[in-house]
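Report on the structure given below.
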Amino acid sequence: MRRENTPVCWMTFSLWDAARGSESMFMPIMIKLDGREAAVIGAGKVALSKAATLLSFGAKVKVIAPEISKGFESLEGSVEIVKEPYDKKHIAGCFMVIAASSSEKANKQAMLDCKDMGILCCRSDRQEGSDFIFPSVLKRGSLVMSVSTQGKSPALCGVIMRELEKAYGEEYEEKLELLWKLRGMLALSEKDQEQRAKRLREAAAMDNYEIARVIESYGCKKD
């Protein structure tokens, strides 16, 4: 079985929802950012959060701001820093831009430039006109869960995220790896597709210790 190790970023992209008729909605989508250039305009807390998220999914990040906050010291060496006021030349060749400056004028200009240059843009100070938004994301290794209220209630989003963090702890990272290992073994040893799917569903409901025992029963000890 082939496994993709490249991180995939979960974002929501703007689409027109014909069923609602009058409300623009964002569609959840997973997208590879590995090696793609992303520019973050601004260097405050919001910009830092967006830059860190993009880095965690493999993007090449450029931060553009006349002054850089101390928080960016944690990303030193991982991002390109451009200590200049925003200019259109800074985003040439970028796949996406996050306009997170404290300057509304700079954010607006960046969004207009992105439209002209065919670059995806997310404006942090207002959702209108953005091509995508960043939902709240919980990562447990390869397990990625995302929650969005389409900007209507960040408070509710926070409540749901805290519930998810409690329900899906760090042990789920190991659980997913165990299930992946078992899936590979069953692909080789169990030719009946229905039986294979049944055993995988049963294993998914087990705890990590039980899954490891199942793996051992197939003659492959847990690493």
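Numbers below:
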{"quantity": "Number of the exception - residue 177 against (1) within 18 Å of residue 8 (Cβ to Cβ); (2) outside the structural domain of residue 203 (by TED's automatic domain parsing); (3) charged (D, E, K, R)", "calculated": "(2)"}
{"quantity": "Among (1) surrounded by 22 or more Cβ atoms within 10 Å (Cβ to Cβ); (2) touching a Ser or Thr at 6+ places or on another chain (Cβ under 7 Å), the one test that residue 55 misses", "calculated": "(1)"}
{"quantity": "Any chance residue 89 is farther than 16 Å from residue 31 by Cβ, in a strand (DSSP E or B) and either at pLDDT 90 or above or over 20 Å from the mean Cα position of the chain (by Cα) (or both)", "calculated": "no"}
{"quantity": "Yes/no for residue 152 being assigned to a loop (DSSP other than H, G, I, E, B), over 16 Å from the mean Cα position of the chain (by Cα), not β-branched (Val, Ile, Thr) and not assigned by TED's automatic domain parsing to the domain that holds residue 55", "calculated": "yes"}
{"quantity": "Any hit, the range 156-174, residues being surrounded by fewer than 14 Cβ atoms within 10 Å (Cβ to Cβ) and closer than 28 Å to residue 64 by Cα", "calculated": "no"}
{"quantity": "Selection count where residues are touching a Ser or Thr at 6+ places or on another chain (Cβ under 9 Å), of a type outside the set (A, V, I, L, M, F, W, C) and outside any loop (DSSP other than H, G, I, E, B), scope the range 131-145", "calculated": "2"}
{"quantity": "The lone exception for residue 94 - which of (1) touching a Cys at 6+ places or on another chain (Cβ under 9 Å); (2) modelled with pLDDT under 95; (3) part of a loop (DSSP other than H, G, I, E, B) it fails", "calculated": "(2)"}
{"quantity": "Options 173, 216, 210, 194; residue that is closer than 25 Å to residue 28 by Cβ and among the acidic types (Asp, Glu)", "calculated": "173"}
{"quantity": "Subset tally (residues that are touching a residue at least 24 places away in the same chain (Cβ under 8 Å), over 15 Å from the mean Cα position of the chain (by Cα) and either in a strand (DSSP E or B) or surrounded by fewer than 19 Cβ atoms within 10 Å (Cβ to Cβ) (or both)) for the range 104-130", "calculated": "6"}
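The values are calculated or read from the model by the stated rules, or taken from the named source; none is laboratory data. Bear in mind the structure is a predicted one, so any value in this text is a computation, not a measurement. With ideal geometry, Cβ positions are generated from the backbone for all residues, glycine too; neighbour counts draw on all protein chains shown.
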